[in-house]
1. Quick test for you: out of 39, 71, pick the one residue that is in a helix (DSSP H, G or I), surrounded by 14 or more Cβ atoms within 10 Å (Cβ to Cβ) and of a type in the set (D, E, K, R).
2. What about residue 365, is it among the polar types (S, T, N, Q) and under 21 Å from the mean Cα position of the chain (by Cα)?
3. Given the criteria over 29 Å from residue 24 (Cα atoms), out of contact with any strand residue (DSSP E or B) (no Cβ under 7 Å at 6 or more places or on another chain) and in contact (Cβ under 8 Å) with a residue 24 or more places away in the chain, does residue 262 qualify?
4. Is it the case that some residue within the stretch 269-292 is within 30 Å of residue 30 (Cβ to Cβ) and either in contact with a strand residue (DSSP E or B) (Cβ under 7 Å, 6 or more places away or on another chain) or among the polar types (S, T, N, Q) (or both)?
5. With the structure loaded, tell me whether residue 268 is within 19 Å of the chain's Cα centre (by Cα) and free of Cβ contacts under 8 Å to residues at least 40 places away in the same chain or whether it fails that test.
6. May I ask you to say which residue of 344, 352, 357 is touching a Gly at 6+ places or on another chain (Cβ under 6 Å), in a helix (DSSP H, G or I) and not hydrophobic (A, V, I, L, M, F, W, C)?
7. Scan (1) under 15 Å from residue 190 (Cβ atoms); (2) within 27 Å of the chain's Cα centre (by Cα) for the single condition residue 4 breaks and write down its number.
8. Which members of the stretch 220-247 meet the condition of being among the small types (Gly, Ala, Ser) and either surrounded by 11 or more Cβ atoms within 10 Å (Cβ to Cβ) or closer than 24 Å to residue 60 by Cβ (or both)?
Amino acid sequence: MIPLVKNTISNSEIDLLADWLRGHPRLTKGELTLQFENKWSELIGCKHSAFVNSGSSANLLMLYSLLESGKVNVGDKVVVPAVSWATDLAPVCQLGLTPILCDCNLYDLSVDLNFLEDLVVKNRPKVLMLVSVLGLVPEMDKVVELCDKYGVILLEDTCESIGSSYNKKNLGTFGLMSSFSTYFGHHFSTIEGGVVCTDDDDTYNMLKSLRSHGWDRDTDEYYKNKLRKDYFVSDDFDSLYKFYMMGFNLRSTDLNAFIGINQLENFNSVIETRNNNYNLYHELITCADWKPHKSSKERFVSNFAYPMISRNRHKIVDKLTANEVVTRPLICGSLGKQPFWIKNYGVQHLPNADIVNDCGFYLPNNVDITEEEIKFVCSLVEDA
């Protein structure tokens, strides 16, 4: 069998974890979480990182922090790519914001920029939730220019694209905030986990407070003192159970952080391997109705699955399945055709997203896949 994903945690890392567990008195969030966050910031190229319990929680936290800070209000409009993930859209609806779906392009599967600008002019949204699909790289200079032109806050969902870059700048470093996933089987695993990144100090402090119930324990001294002064909190003891905002418990743990720290030791080599695999798929597959863009220095691709679009999808999937190669639909297809969207808003047809919905799927780029296995998968696709 060639699985879609494999455990990225090695036996030696498991041994290290077992030794740590035997001697470590505290497993919840502590110093190791801070170490992991600092290492993550260094590798991604951002100022601040907040470790949370999933990439979906990271998306929720980003959006809620905008509400809590007053940057957006209930009812404000948020553009969400139709080709994305359920939890790019769900928190928009859950938090009382107004979602607007944007069609994709058929080059990098990100937002169609002409479609997006028409939406922005017509609807005047406050936020764009930009999603980098399966490591593919949007035209970030044009996205940033458009957001700046119309005063739209840019959030990046980079959960599927750790290590992808645009003009040598990592995805996840262009907007006010970005989300990442460290779910089992993605680029790097903390078993379950996610990260929110930002360069903005006030945003970072709010993220840390909202992540932990709304208290001030993780915030910096300036932010902490301001909260206590504003709400007449007298001292450290009095502050222990003071909740300044309606927060969540989205924390991860030092156990997950310990795993993450060891995973990041191989950051560059893992990114290089996944890029090499992507390039081999791109070279060998010729029968698709659509091919993603090439990886280059300008648009460097790092992904955990290779995307395909083919009107022959059912035959290809049947062939792959018969030969024990695991495949999946191309993420959510179109969110405009998902049951929860239809139930609340009705079916929404978007030309390119509908093609992805009906014809899209992806192929394994797990951490251990070999060149021979990739060639075998490609031969099955070509012969179907």
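The values are calculated or read from the model by the stated rules, or taken from the named source; none is laboratory data. Everything numeric here is computed off the predicted structure, so don't read it as measured data. Every residue, glycine as well, gets a Cβ built from its backbone with ideal geometry; the counts of neighbours run over all protein chains shown.
1. Every option except 39 fails the conditions.
2. yes
3. Judged against the criteria, residue 262 is not a match.
4. yes
5. yes
6. Testing whether each residue is touching a Gly at 6+ places or on another chain (Cβ under 6 Å), in a helix (DSSP H, G or I) and not hydrophobic (A, V, I, L, M, F, W, C) leaves just 357.
7. The number of the failed condition is (1).
8. Answer for the stretch 220-247, where residues must be among the small types (Gly, Ala, Ser) and either surrounded by 11 or more Cβ atoms within 10 Å (Cβ to Cβ) or closer than 24 Å to residue 60 by Cβ (or both): 239, 247.
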